[in-house]
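Let me begin by presenting the structure, written as structure tokens, before commenting on it.
The values are calculated or read from the model by the stated rules, or taken from the named source; none is laboratory data. The structure presented is a predicted model; accordingly, all values stated were derived computationally and were not measured. All Cβ positions, even for glycine, are placed from backbone atoms using ideal geometry, and neighbour counts span all protein chains on display. Heads up: the accessible areas ignore ligands, DNA and RNA and are worked out on the full protein's heavy atoms, side chains in. Shrake-Rupley method; radii C 1.70, N 1.55, O 1.52, S 1.80 Å.
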Amino acid sequence: MTSKLLPGAVENVTSIRLDLCTWKEVEEYLSFSKAIILPIGSTEQHGPTGAIGTDALTAEAIAQEVGRRTGVLVTPTQCFGMAEHHLGFPGTMSLQPATLLSVIHDLVLSLVTHGFEQIFVINGHGGNIATTKAAFAQVYSTAISRDLPSARRFRCKIANWFLMSSVMREAKDLYGDKEGQHATPSEIALTLHLQPSLLSKQRPLPDPSPAGPIHGADDFRRRYPDGRMGSDPYLARPEHGYDLLNKAAEALTKDLSQFLEAL
Ligand code: NI
């Protein structure tokens, strides 16, 4: 699906990756589009069988597929997120909320300084949402105080792939209440599609702790001893992941088109 405001689908993902562009190519891109996608994830435990990088791997793959479908540039993935409550499990690398706020603020401000005006954040981790919105509020204010040329025109949006209604419907159809809230079979399925070597980690697990509140790291580990919140990731299959990737990309492509047209 493409919008009249979008350059259209591109042949492969390489040409929409900002990290593989030269600055001359970015300058040329800015002459016909001011839109850019910034994927953000997290590096945190995903239960006893899920990859630590799940939230970053999924956000990156979906962002690149949306970029491929629309021709909108995709930045490198911000792979560290606000995961303080997962710090009871080894391998988790968290940014404190104030740190993440500064990181998102500075990344968006860099893009706005060079003329990007539509910043579409594709997020893979629920713990990033509040802080990212706070960063947007801060960067609108900073852009005005620095008198940047596009300070009164640029807009930011965060889109959470796992909360898109078509994705949630599909997860419900596939897994029912075994989807749970963390280390979900839907996100694990996506990683199995992206990295088939992860299939070797899959194994049946005992019933998980039911999903409930999230407080600090110690409390999280006590409530959810193996890291899962009500989920059964053993139900995940790579082919589900392929399907969910397409559902997410389709929904976010539409969301991005509406975001661009609304300005
Ligand atoms: Ni996750």
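Tabulated results
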item: Out of G91, G67, G81, sole residue that is at positive phi and out of contact with any Cys (no Cβ under 6 Å at 6 or more places or on another chain); result: G91
item: Residue count, the stretch 10-19 (criterion: surrounded by 11 or more Cβ atoms within 10 Å (Cβ to Cβ) and in a helix (DSSP H, G or I)); result: 5
item: Filtered residue count, the stretch 228-263, keeping only those that are touching a strand residue (DSSP E or B) at 6+ places or on another chain (Cβ under 7 Å) and either over 30 Å from Q118 (Cα atoms) or crowded, with 19+ Cβ neighbours inside 10 Å (or both); result: 8
item: Residue count, the stretch 61-95 (criterion: assigned to a loop (DSSP other than H, G, I, E, B), open to solvent by less than 40 Å² (accessible area, probe 1.4 Å) and more than 16 Å from L194 (Cα to Cα)); result: 9
item: Of residues in the stretch 38-78 being over 15 Å from A249 (Cβ atoms) and of a type in the set (A, V, I, L, M, F, W, C), the one farthest from the ligand (Cβ to nearest atom); result: L73
item: Of all residues in the stretch 27-60 being in a loop (DSSP other than H, G, I, E, B) and of a type in the set (S, T, Y), the one that is nearest to the chain's Cα centre (by Cα); result: S42
item: Within the stretch 176-198, tally of residues that are near the ligand (Cβ under 9 Å from one of its atoms), among the aliphatic types (A, V, I, L, M) and either open to solvent by 30 Å² or more (accessible area, probe 1.4 Å) or in a helix (DSSP H, G or I) (or both); result: 1
item: Scope the stretch 203-224; condition under 13 Å from H86 (Cβ atoms) and either open to solvent by 60 Å² or more (accessible area, probe 1.4 Å) or over 25 Å from the mean Cα position of the chain (by Cα) (or both); matching residues; result: I214, H215, D218, D219, R221, R223
item: Pairs with Cβ under 9 Å, 6+ apart, first in the stretch 104-127 and under 23 Å from T92 (Cα atoms), second of a type in the set (K, R) and outside any helix (DSSP H, G or I); result: V121/K157
item: Search result, residues across the stretch 96-113 that are open to solvent by 30 Å² or more (accessible area, probe 1.4 Å) and in contact with a helix residue (DSSP H, G or I) (Cβ under 7 Å, 6 or more places away or on another chain); result: Q96, P97, L101
item: Subset of the stretch 134-175 (residues that are in contact (Cβ under 8 Å) with a residue 40 or more places away in the chain, of a type in the set (A, V, I, L, M) and open to solvent by 30 Å² or more (accessible area, probe 1.4 Å)); result: M164, L174
item: E250, sole failed condition from (1) over 18 Å from the mean Cα position of the chain (by Cα); (2) within 30 Å of S33 (Cα to Cα); result: (1)
item: Checklist (1) surrounded by fewer than 22 Cβ atoms within 10 Å (Cβ to Cβ); (2) within 16 Å of the ligand (Cβ to nearest atom); (3) farther than 25 Å from E250 by Cα applied to I129, failing item; result: (3)
